[in-house]
Amino acid sequence: MESGAPVGRRVVLGLVVMGGAGVLLGRRLSDATTAAVSTVAPELQKVLPATGGFRIYTVTNGYPERSIADYRLTIDSGSRRTQLTYAEIADLPQTGLTKDFQCVTGWRVDDAVWSGVLLSDLLSATDVDIGSGALQFTSFDGVYTESLTKDQALRPDVLVATTLYGEPLDRAHGGPVRLVVAPMYGYKSLKWLDGIIVTDEVVPGYWEERGYDIDAWVGRSNGRTDDPVT
């Protein structure tokens with residue numbers, strides 16, 4: 001499974017100024033490079049970050065570690081608090097999801113293959129009532145947070161993921177459990193997921209507090225056709 005050196009927060013923040021033009025340009029360059037490498041040396045596609053692989057970002061300049069045996073996902077609805085082990089998550093109905101993964105900084109991974117539990121199924125299994133509120137997600141890196149509205153959280157392409165390309169998620173990719181919000185930019189797909197909290201309204205996440213959009217739908221100009229309405 002591909003991985004990469006962690007990119008610190010100052011580097012990632014510096015990429016914000018690239019804006020939408022950088023996303024489009026980055027996607028074109030990535031697609032062109034991917035096509036060339038897939039023809040000449042397809043084995044490199046899981047090594048080079050811009051040729052089908054992921055670039056790994058972390059806001060803490062390191063990969064936090066949590067073993068599968070020690071992993072716990074806490075779900076807090078205010079009136080009820082539930083903890084799930086990794087095994088209990090694995091026992092829930094599993095769903096596969098194959099979607100492009102688009103970063104706001106411009107690179108993209110085509111047809112990333114994830115599996116895990118749909119967030120909607122996990123909430124249903126634990127009797128979580130969002131009501132008219134929203135959800136906040138926390139990471140066991142102690143810093144990273146994200147959020148979704150109720151309608152976004154219940155979409156059929158939002159996954160609590162435990163595998164990537166058929167292999168358990170490693171530390172670099174947010175393992176053992178991460179969030180995958182397929183129709184939104186990658187920063188919404190919080191790594192190292194350890195908490196889901198029901199809130200009265202959307203709470204801006206780590207990157208939203210630093211200027212990123214709260215509703216991070218990937219635009220059609222970037223080759224995506226996801227309809228954020230459905």
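The values are calculated or read from the model by the stated rules, or taken from the named source; none is laboratory data. This structure is a prediction, so every number in the text was calculated from the model and none was measured. All Cβ positions, glycine included, derive from the backbone under ideal geometry; neighbour counts span all protein chains shown. With ligands, DNA and RNA removed, areas are computed over all heavy atoms of the protein, side chains included. Shrake-Rupley method; radii C 1.70, N 1.55, O 1.52, S 1.80 Å.
Quick one: Tyr57 ticks every box in (1) at pLDDT below 95; (2) open to solvent by 60 Å² or more (accessible area, probe 1.4 Å) except a single one, so which number is it?
(2)
Pairs please, first residue from segment 157-168 and farther than 10 Å from Gly116 by Cα, second anywhere and among the acidic types (Asp, Glu) and surrounded by 16 or more Cβ atoms within 10 Å (Cβ to Cβ), Cβ atoms under 8 Å, 6+ apart in sequence or on different chains.
So the pair list comes out as Asp157/Asp226.
Condition first: surrounded by 15 or more Cβ atoms within 10 Å (Cβ to Cβ), closer than 13 Å to Thr126 by Cα and β-branched (Val, Ile, Thr). Now tell me which residues in segment 60-93 satisfy that.
Ile75, Thr82, Ile89
Which residue is nearest to Trp207 (Cα to Cα), if the candidates are limited to segment 106-127 and must be open to solvent by 20 Å² or more (accessible area, probe 1.4 Å) and outside any strand (DSSP E or B)?
This residue is Ser120.
Given the residues Thr199, Thr163, which is the only one that is under 20 Å from Thr85 (Cα atoms), touching a Ser or Thr at 6+ places or on another chain (Cβ under 8 Å), open to solvent by less than 30 Å² (accessible area, probe 1.4 Å) and modelled with pLDDT of 95 or more?
The match here is Thr163.
Of these, Ser120, Ser124, Ser132, Ser189, which one is of a type in the set (S, T, N, Q) and closer than 18 Å to Thr105 by Cβ?
It is Ser189.
It is to be established whether one or more residues within segment 78-91 are of a type in the set (Gly, Ala, Ser) and in a helix (DSSP H, G or I).
Checked segment 78-91: at least one residue is of a type in the set (Gly, Ala, Ser) and in a helix (DSSP H, G or I).
What are the residues in segment 65-112 that are more than 14 Å from Pro183 (Cα to Cα) and β-branched (Val, Ile, Thr), if any?
If the condition is that a residue be more than 14 Å from Pro183 (Cα to Cα) and β-branched (Val, Ile, Thr), then Ile68, Thr74, Ile75, Thr82, Thr85, Ile89, Thr95, Thr105 are the ones that fit.
Among the residues that make up segment 163-171, is at least one of them in contact with a Lys or Arg (Cβ under 7 Å, 6 or more places away or on another chain), part of a strand (DSSP E or B) and within 21 Å of Tyr63 (Cα to Cα)?
Checking segment 163-171: not a single residue is in contact with a Lys or Arg (Cβ under 7 Å, 6 or more places away or on another chain), part of a strand (DSSP E or B) and within 21 Å of Tyr63 (Cα to Cα).
Go over the candidates Gly174, Gly142 one by one and state the one that is closer than 21 Å to Thr58 by Cβ and surrounded by fewer than 22 Cβ atoms within 10 Å (Cβ to Cβ).
Gly142
Determine if segment 75-83 includes at least one residue that is over 19 Å from Ser189 (Cβ atoms), modelled with pLDDT of 95 or more and touching a Leu at 6+ places or on another chain (Cβ under 8 Å).
Yes: segment 75-83 contains one or more residues that are over 19 Å from Ser189 (Cβ atoms), modelled with pLDDT of 95 or more and touching a Leu at 6+ places or on another chain (Cβ under 8 Å).
Yes/no per residue for (1) under 13 Å from the mean Cα position of the chain (by Cα); (2) within 24 Å of Thr98 (Cβ to Cβ); (3) at pLDDT 95 or above:
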site: Ala134; (1), (2), (3): no, no, yes
site: Phe140; (1), (2), (3): no, no, yes
site: Val143; (1), (2), (3): no, no, yes
site: Asp151; (1), (2), (3): no, yes, yes
site: Val158; (1), (2), (3): yes, yes, yes
site: Val181; (1), (2), (3): yes, yes, yes
site: Lys188; (1), (2), (3): yes, yes, yes
site: Thr230; (1), (2), (3): no, yes, no
